[in-house]
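This report concerns only the one structure given below.
No lab work stands behind these numbers, since they all come straight from the coordinates. This is a predicted model, so every value here is computed, not measured. Neighbour counts run over all protein chains shown; Cβ positions are idealised from the backbone, glycine included.
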Amino acid sequence: MSQKSTKGCLKPILIVLAALLVLPILSQLYVKFKIEQIRRADPARILDACREMIAKRESFKNNRDKWPSLINEDAVLLLRPIPESVPQSIQQLNPKYIIIRPDSVLVDFNIPFARAAVLAFRSGVQQYGTYQFVDGLWFWNGNKYPSSPTKH
């Protein structure tokens, strides 16, 4: 094999390796950005907006039939474009989709190599997440129960 053909083979491999290293780093930076965005947007206001969506969940157009995993679940799925009837404080977070259940709301940002979502809970129900903003509002990285819940 000539030196030219070796270089030609190495270039795509190096590009793939670089992408595999960079994408997870960018994903984690995006997660940190989203956490900071939620902190600055007033977590209590976001929680109120999510609880309002729970109370009015039947008023939203449900896209649940587009996701087979939600067909048998009592959930309302909102896909992009997010309806204007969703409170502005949620729209400003630019979610990919929203799942409204009877006791909770999941606002998902859906990025490669990382889970980034907000979970909001109705008052008095069991809560979970990765990082708690305020009672009832959590950031979630996809792990149902963190090994050591952190309250800040």
Checklist entry - Amide H to amide H, which residues 5 or more places from Tyr97 or on other chains are under 5 Å from it, using H placed in the peptide plane? => result Asp108
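Note down the net charge around Asp74, summing +1 for each Lys or Arg and -1 for each Asp or Glu among other residues with Cβ under 12 Å from its Cβ. Working shown, then result.
Numbers: positive: Arg57, Arg64, Arg101; negative: Glu58, Glu73, Asp103.
Residues close to Asp74 contribute a combined charge of 0.
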Checklist entry - By how many degrees, between 0 and 90 and to the nearest 10, does the Cα long axis of helix 3-40 differ from the longest principal axis of the chain? => result 20 degrees
Checklist entry - Lys pairs in segment 3-151, Cα-Cα under 27 Å, at least 8 apart or on separate chains: how many? => result 17
Item to check | About the Cα centre, charge dipole magnitude for the chain (Lys/Arg +1, Asp/Glu -1 at Cβ), debye | outcome: 660 debye
Checklist outcome for this item: Mean Cβ-within-10 Å packing, highest first, puts peptides 44-51, 73-80, 116-123 in the order 116-123, 44-51, 73-80
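Among 94-102, 82-90, how do they line up from the highest to the lowest mean number of other beta-carbon atoms within 10 Å? All intermediate terms of the calculation are to be shown ahead of the outcome.
Values: 94-102: 18.0, 82-90: 14.9.
In descending order of packing, they fall as 94-102, 82-90.
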Checklist entry - Which FRET efficiency value, to the nearest 0.05, is calculated for Arg40 and Ile13 with the Förster distance at 41 angstrom and r the Cβ-Cβ distance? => result 0.50
Checklist outcome for this item: Under the Karplus relation with 6.51, -1.76 and 1.60 and θ = phi - 60°, whole-Hz ³J(HN,Hα) for segment 122-139, x at Gly and Pro, equal 5, 4, x, 9, 5, 10, 7, x, 9, 9, 8, 7, 9, 4, x, 10, 10, 8
Checklist entry - So how tilted is helix 43-55 from the main axis of the chain? Cα-based, degrees 0 to 90, rounded to 10. => result 70 degrees
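Please give the calculated 222 nm ellipticity per residue for the chain, where each DSSP H segment of at least 4 residues contributes -39500 (n - 2.57) and the sum is spread over every residue; nearest 500 deg cm²/dmol? Spell out each step's value before the answer.
Values: 3 runs with 55 residues, N = 152.
Result for the chain: -12500 deg cm²/dmol, rounded to the nearest 500.
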Checklist entry - What order do you get for Asp135, Asp65 when you list them from fewest to most C-beta neighbours inside 10 Å? => result Asp65, Asp135
Checklist outcome for this item: 1/(1 + (r/R0)^6) with r = Cβ-Cβ of Trp67 and Phe33, R0 = 30 Å, i.e. FRET efficiency to nearest 0.05, evaluates to 0.65
Item to check | Lys/Arg +1, Asp/Glu -1 at C-beta; the chain dipole; positive extreme among Pro24, Ile13, Leu119 | outcome: Ile13
Next on the checklist: Once the convex hull of the alpha carbons of the chain is built, what does its volume come to per residue, in cubic angstrom?
Outcome noted: 165 Å³
